[in-house]
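Derivation of every value follows stated rules applied to the coordinates shown; laboratory data play no part. Worth saying up front: this structure is predicted, and the values here are computed from it rather than measured. Quick reminder, even Gly has a Cβ in these numbers, built from the backbone with ideal geometry, and neighbours come from all protein chains shown.
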Amino acid sequence: MAKDNSENLHSPSTDATYTLGRTSHETTRLIEQSRIYGESTQRLCKRAGITAGMRVLEIGSGAGDVALMLAELVGQDGQIVGVDVNPVILETARQRATEAGIRNVEFIAGDARGLAFSDKFDAIVGRFVLMYMADPGEAFAKLVTHLNPGGIIAFQEPEYTLYPALLHPDTPLMNQLIKWILGAFEHSGAHLDMGIGLYRAFVDAGLPLPTMHLESPIGAAETWAGYRYMATIFQSLLPLLKKYGLATAEQVDVDTLAARLRREVLASKRPFFLPLHITAHAVLPT
Ligand SMILES: C[S@@+](CC[C@H](N)C(=O)[O-])C[C@H]1O[C@@H](n2cnc3c(N)ncnc32)[C@H](O)[C@@H]1O
């Protein structure tokens with residue numbers, strides 16, 4: 001049973017601004033993002049050992065996609081508690097759980113680092129959330145206090161510092177998009193190297209060394225969903241790009257972005273990499 005965490009709704013000021021904003025478009029983008037990254041998140045959770053009957057804490061729930069996937073994985077005998085610092089987006093998560101007839105999931109608003117629970121968990125999972133926390137190692141140290149012996153830690157975070165390796169003279173649009181993404185996340189204070197930084201976070205928290213994988217959806221087909229997904233990312237990033245003088249709405253031209261990207265990929269014969277991400281999981285000693 002979750003205790004009231006409403007006093008923890010505000011993060012310390014040293015945390016990053018949520019780069020992609022708090023709009024209804026961003027909620028929709030998160031759901032679309034999950035269609036692209038969901039399969040690898042599920043693989044991570046299975047690989048980490050999350051299975052039927054487990055009680056799992058999921059942090060940074062957003063629109064609820066990871067929690068809903070976990071609810072299916074643990075089955076009716078298991079239980080999921082999802083937490084997000086943004087109480088508004090949790091209304092969408094709760095509604096989606098109700099519509100899907102999923103009853104073994106509960107969402108609570110609060111800062112994941114300041115939670116109090118009367119019962120422990122078998123696993124803690126997070127996707128694209130540590131990158132916004134000032135000190136991910138400290139966050140891990142706090143989170144694992146909620147785990148049973150033998151508990152599982154499984155996280156998936158983006159790795160933007162490898163993105164510039166993809167710059168190429170034949171792909172000016174892709175090069176520009178990568179520079180804008182890096183600029184926007186850097187200005188917001190998010191960790192650009194959170195994927196690789198997962199390792200340091202496990203070490204700093206005194207956890208067992210994690211097993212890690214690097215993944216990225218890559219596309220070149222004419223019908224690939226990734227072009228449109230990139231346009232939705234840029235719609236969310238636009239206010240920040242404008243605020244920091246990185247790009248104007250005319251330069252980004254969200255409405256034609258997917259079509260221009262598709263054209264460049266087909267002409268250059270160089271596939272487009274969606275943001276790379278790294279997964280890491282470990283199991284506490286019993
Ligand atoms: C990029 S979204 C990812 C949402 C979801 N994990 C997914 O992959 O679909 C990051 C979420 O983490 C939440 N968040 C950021 N810092 C948090 C914190 N300290 N505690 C709880 N949630 C946090 C944000 O409000 C946001 O909804």
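On a per residue basis, the convex hull of the C-alpha atoms belonging to the chain measures out at 123 Å³.
State the extension gain, in nm to one decimal, for the chain segment bounded by A116 and R35, taking 0.36 nm per residue of separation less the distance between their alpha-carbons.
On the way: separation 81, 0.36 × 81 = 29.16 nm, distance 3.15 nm.
Using 0.36 nm per residue and subtracting the Cα-Cα distance, I get 26.0 nm.
The Cα trace of region 158-274 gives Rg and Dmax of 15.9, 49 Å, the first to one decimal, the second as a whole number.
Per the Kirkwood formula applied to alpha carbons, region 75-179 shows a radius of gyration over Rh ratio, Rg over Rh, of 1.09.
Short-range pairs are left out: with C-alpha atoms under 8 Å and at least six residues apart, the relative contact order of the chain is 22 percent.
Mind counting lysine pairs for me in region 6-283? Cα separation below 30 Å, and the two need to be 8 or more apart along the chain or on different chains.
6
When DSSP beta bridges are restricted to pairs lying wholly in region 6-283, around 40% turn out antiparallel.
Annotation for D170 and Q76: the two label points, set 7 Å from Cα along the Cα-Cβ direction, are 5.5 nm apart. Placing +1 on each Lys and Arg Cβ and -1 on each Asp and Glu Cβ, with no other charges, gives region 6-283 a dipole about its Cα centre of roughly 480 debye.
Assuming R0 = 22 Å, what is the FRET efficiency of Q95 and V254, from their Cβ-Cβ distance, to the nearest 0.05?
Once the sixth-power term is evaluated, E becomes 0.25.
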